[in-house]
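Peer 1: Next up is a structure, given as C-alpha cells.
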Amino acid sequence: PRSTDKPLSVKCVKTEKKLSTRTTVETQFKTYGTVIQRSLEGLFLFLLVTKINLMLLRSAFWIAGPTASGKSQLALKLAERKGCEIISVDSMQVYRGMDVGTAKPSVDERSRIPHHMLDLVGIHESYDVAKFRTQALLEAEKVHQRGRHIIFCGGTGFYFQALIHGVGHAPPSDPNIR
C-alpha cells in the first residue's frame, strides 16, 4: 500500500532502554510504520512516520518546472498575496554553500517570505530523498499548524514524486561501497 492512502500521524518516541540491534528496534516498533533511528548519547529517538496528511498536501500550492522558468518569482508573488511559506523541492538547495548554480533565494527574498528546506547539510554530508521527504513533511505540518498556506516550489521531479507517493523501503547506503 502507498503511504498516500492515509492521513498524517507523526509521533516521536524516546526510550531510555538501550536496544542493541536494528532488528530489535524494527521488531519492537514494526506495527507503528517506518522507523528512523538516531542515537543520542545512548538514548534512541524514534521518529515514527506512519501516514501522510492528504488534506495538507491537497491544500498546498505546487510549482514545478525546469531551471530558470520563473518558479521562484511566481512562488514569492503568490506567497506575498496569499500569506504562504515556501518549501523548496530542490535536491541541491539543501546543501550549505551551494548558492551558485542552484538559484537559491537571496537573503532579501528569505527575509520577506519564510523559506524551508534550504542549507540543511554540508556538501560532504549524505542526504537522500527519504530524508528530504521526512523533513519536508514535518516542515509542512509546522507551517500548517501556524495557520499559513504552503507552497512547494522546485525543479526536482523525484522529490515531488516522493512527497506525493512516498518512497520504497530499502537498506541504508554503505559508505564503503559509495
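The values are calculated or read from the model by the stated rules, or taken from the named source; none is laboratory data. If you're wondering where the values come from, they're calculated on a predicted model, not measured in any experiment. Here the Cβ is made from the backbone with ideal geometry for all residues, glycine too, and neighbour counts use every protein chain on show. Surface areas here come from the heavy atoms of the whole protein model, side chains and all, with no ligands, DNA or RNA. Shrake-Rupley method; radii C 1.70, N 1.55, O 1.52, S 1.80 Å.
Peer 1: Just subtract the alpha-carbon distance of Arg81 and Arg96 from 0.36 nm times their residue separation and send over the number in nm, one decimal.
Peer 2: Computed gain between Arg81 and Arg96 is 2.5 nm.
Peer 1: Taking all protein chains as present, what is the carbon and sulfur share of the accessible area of segment 97-145, in % to the nearest whole number, probe 1.4 Å? Working shown, then result.
Peer 2: Numbers: 1490 of 2720 Å².
The value for segment 97-145 is 55 percent carbon and sulfur by accessible area.
Peer 1: May I pose another question? How many Å² of accessible area per residue for segment 50-107, probe 1.4 Å? Each step should come with its number before you reach the end.
Peer 2: Details: 3260 Å² over 58 residues.
Roughly 56 Å² per residue, with all protein chains present.
Peer 1: Further, regarding this structure: What nm value, rounded to one decimal, do you get for the distance between Ala64 and Arg112 when each label is placed 7 Å out toward the C-beta?
Peer 2: In this crude spin-label approximation the distance works out to 2.6 nm.
Peer 1: Based on the mean of other Cβ atoms within 10 Å per residue, sort peptides 131-142, 95-106 so the most packed one is first. Kindly include the intermediate steps, with their values, before the conclusion.
Peer 2: Numbers: 131-142: 18.2, 95-106: 14.3.
Packing order, densest peptide first, comes out as 131-142, 95-106.
Peer 1: Something else now. Kindly report the accessible area of segment 108-178 per residue (heavy atoms of protein chains, probe 1.4 Å, no ligands, DNA or RNA), in Å². The partial results should precede the final answer.
Peer 2: Numbers: 4190 Å² over 71 residues.
It amounts to 59 Å² per residue over segment 108-178.
Peer 1: Taking a ≥ b ≥ c as the square roots of the Cα gyration tensor eigenvalues, with a/c under 1.5 meaning rounded and otherwise prolate when a/b beats b/c, else oblate, which class fits segment 84-178? It would help to have the intermediate numbers written out before the result.
Peer 2: Working: a/c = 2.19, a/b = 1.31, b/c = 1.67.
Judged from the Cα gyration tensor, segment 84-178 comes out oblate (a/c at least 1.5, b/c at or above a/b).
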